[in-house]
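The values are calculated or read from the model by the stated rules, or taken from the named source; none is laboratory data. Nothing here was measured: the structure is a model prediction, and the numbers come from that model. Positions of Cβ are backbone-derived with ideal geometry, glycine not excepted, and every protein chain shown enters the neighbour counts.
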Amino acid sequence: MMSSRRRPRMTASAVDRSVNRPSSRLRRRRRIAAALLSAALSIGGGAQAAPPPDKAPSVAARSAIAQEREILDGVVAASLVGALSEELGGRAVKIRLDRVDVQTTSLRDRLVTGQGMLQIENASDWIGFRFSTLYDAILESAGYPELSIGMSGTEGRAVPNDAALIRELDDRVVGMLGEEFGTQRVRLQLDRISTVETGIRYLRIDANGIADFGLDGTAPTRVEALYDRQDNAWLRVAYVLEGTPPVVTPAPTGEG
């Protein structure tokens, strides 16, 4: 049986106070945005008359910039851990960032690029990676990064291509293309293939070639793969068709 007790009527003034009271997190974001706008105007941005070029940003603006950078570093690092794990078949990863460059493209948006080192599960090897992502300073969030995994720097050593691995790689990419384009038959011709040892147990394979879609024509194709020689497993296989974003199929954990 429903209660007959009447709900107290909320006055208009009470509603207004409830709606208009911003959260502490929103107030902080507004303060940071206002300070960043002040800093931008102080160095000549905006439509207002710019102050002398030697005038430094205010203490509040410098503090806001430092606070935003601290938040950005944490958000981007968490985003990278999640994306790297996903592209490596859900395997646990650890990262350390060696360089992070931030370019302000608007009051709100930041282009973040950099490189670091990656450890996969309990492996002793650390391998390099590069990344690029967009960061939203208002929402304090990062987009899904573009990744290049297995960059070895000066420690990498070119080795002869393994014919069996190249055939496996070819078959995997053809299968991925078939999944993307339905039942259409696709042929792949890879050339300019290079294999580099990155660490002790990993091989990074890069190749360029042509994907042949029959009557629908051909498309230049770039392939990037990472192979674990100890577990005999493809950790990552990615391809790029000219004019399209990367399409990635991570290998399941433990796949041989």
Are there any pairs with C-beta distances below 6 angstrom linking a residue in segment 184-198 that is touching a residue at least 60 places away in the same chain (Cβ under 8 Å) to a residue that is in a strand (DSSP E or B), with the two at least 6 apart or on different chains, and if so which?
-> 198/127; 198/150; 198/204
Residue check, residue 168 against (1) at pLDDT below 95; (2) out of contact with any strand residue (DSSP E or B) (no Cβ under 7 Å at 6 or more places or on another chain), all met but one. Which one?
-> (1)
One residue from 205, 200, 210 being surrounded by fewer than 16 Cβ atoms within 10 Å (Cβ to Cβ), under 13 Å from residue 239 (Cβ atoms) and β-branched (Val, Ile, Thr) | 210
Across segment 219-234, what is the number of residues that are among the hydroxyl-bearing types (Ser, Thr, Tyr) and surrounded by fewer than 16 Cβ atoms within 10 Å (Cβ to Cβ)?
-> 0
When you scan segment 76-178 for strands (runs of 3 or more DSSP E) that lie fully inside it, which ones turn up with 2 or more residues that are within 23 Å of residue 232 (Cβ to Cβ) and not basic (Lys, Arg)?
-> 109-120, 127-136, 146-151, 157-159
Counted residues, segment 61-94 - those being more than 13 Å from the chain's Cα centre (by Cα) and farther than 23 Å from residue 139 by Cα | 7
What about residue 174, is it in the same structural domain as residue 188 (by TED's automatic domain parsing) and free of Cβ contacts under 8 Å to residues at least 60 places away in the same chain?
-> yes
On the given criteria, is residue 132 in contact (Cβ under 8 Å) with a residue 12 or more places away in the chain, surrounded by 15 or more Cβ atoms within 10 Å (Cβ to Cβ) and among the small types (Gly, Ala, Ser)?
-> no
